[in-house]
Amino acid sequence: MAYTIAVAGKGGVGKTTLCGLLIQYLCGLEKGPVLAVDADANSNLNEVLGVEVEATLGDIREEIARAEMMRPSPIPAGVSKQDYAEYKFNSALIEEDDFDMLVMGRTQGSGCYCYVNGLLTSQLAKISKNYQYIVVDNEAGMEHISRGVLPKVDMIILVSDCSRRGVQAVGRIAKLIDDCNLKPSFVGLIINRAPGGVVSEGTMEEVEAQGLNLIGVVPQDEQVYQFDCDGKPTVELPESSAVKQAMKSILTKLRFQ
């Protein structure tokens, strides 16, 4: 089974940027294929990685649900709904040289999607066997993992900004991990965008109060902001980038299997 790493944090803390750098790092290990899953409806992991997305799994889920109601059905004669769904879900897999990618998206319509969600779960379970690592960029609530749509989770990396309130928000996510009975083997916190790479005493007190395992600090870097403004993939930052250097140091210590 693939080793599944979930990255979570509230919006605006740079979670998706760090998630992209994590994927790039794992690809560089050359231990096996990596599947990147964008499970945050508001994130842009594809832009961080420099990937074009034509359809999300949410789009396909909508299409299949509509197909059930249409007469005549757009599903070709002689093709079962399950085979049709499998074909459509497989077509959403974006294949790059170093990794593959799926974008979950969000269901917009009304009605019950239980059957289609079940098909999606089974398809993800099938393809997960093809990868050494699965990296999931999550919403703060980790909806797709907590509902069982995605496979089990082995590691959760929480991302906060350097504010005390940001750490409090991550503490609530950590509690959600316990409430959902996810049971990862490792949970760690990265504090991002720290001026000069230094976390204030008050914020450190909050990290301890929340019982969080701080595994590293990533400094504020204007290069990241400039890349975003220019529409450049963040993974194309030079190796000398302070953010890349900090992430490499943190991830090296984690000793991925």
Specify the angular offset, from 0 to 90 degrees and rounded to the nearest 10, of the alpha carbon long axis of helix 242-254 from the longest principal axis of the alpha carbons in the chain.
-> 80
Among bridges DSSP assigns within the chain, what percent are antiparallel (round to 5)?
-> 5
Would you kindly state how much longer the chain becomes between Glu52 and Met1 on full extension, computed as 0.36 nm times their sequence separation minus their alpha carbon distance, in nm to one decimal?
-> 15.6 nm
Can you put Val13, Val53, Val7 in order, fewest other beta carbons within 10 Å first?
-> Val53, Val13, Val7
In debye, nearest 20: dipole of the chain around its Cα centre with unit charges on the Cβ of K, R (+) and D, E (-)?
-> 840
The long-range amide H neighbours of Arg193, using H built 1.01 Å from N in the peptide plane and a cut-off of under 5 Å, are Val218, Gln220
Exposure proxy ranking, count of Cβ atoms within 10 Å, fewest first, for Ile145, Ile127 | Ile127, Ile145
Relative to the longest principal Cα axis of the chain, at what angle does helix 81-91 sit, 0 to 90 degrees, rounded to 10?
-> 40
Got a sec? Charge dipole of segment 99-223, +1 on Cβ for Lys and Arg, -1 for Asp and Glu; which of Ala209, Leu182, Leu119 is way out at the positive end?
-> Leu119
Asserting the computed 222 nm helical MRE of the chain (DSSP H runs at least 4 long, -39500 (n - 2.57) per run, divided by residue count, to nearest 500) equals -13000 deg cm²/dmol
Rounded to the nearest 10 degrees, what's the angle between the helix 57-69 long axis and the longest principal axis of the chain, both from Cα atoms, 0 to 90?
-> 20
State the Kirkwood hydrodynamic radius of segment 3-254 in Å, one decimal place, computed from all pairs of distinct Cα atoms.
-> 19.1
Mean separation of Cα contacts under 8 Å, 6 or more apart, over the residue count of the chain: relative contact order % = 28
Cβ-based charge dipole, the chain, positive-most Cα from Gly231, Gly50, Cys27 | Cys27
Which loop-located GluC sites (Glu not before Pro) does segment 133-242 contain, where loop means any DSSP state but H, G, I, E or B and the Cβ has at most 16 other Cβ atoms within 10 Å?
-> Glu239
Please identify, among Val79, Val48, Val153, the residue showing maximal mean-square fluctuation in a Gaussian network model of the chain using a 10 angstrom Cα cutoff.
-> Val79
When Asp137, Asp178 are ranked with the fewest other C-beta atoms within 10 Å first, the list becomes Asp178, Asp137
Subtracting the Cα-Cα distance from 0.36 nm times the residue separation, let me have the gained length for Arg165 to Asn90 in nm, one decimal.
-> 22.9 nm
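Every number in this text was worked out from the coordinates using simple rules, so none of it is lab data. Because the structure is a prediction, the values reported are computed rather than measured. Because the Cβ atoms are built from the backbone with ideal geometry, glycine has one as well, and the counts that use them run over all protein chains shown.
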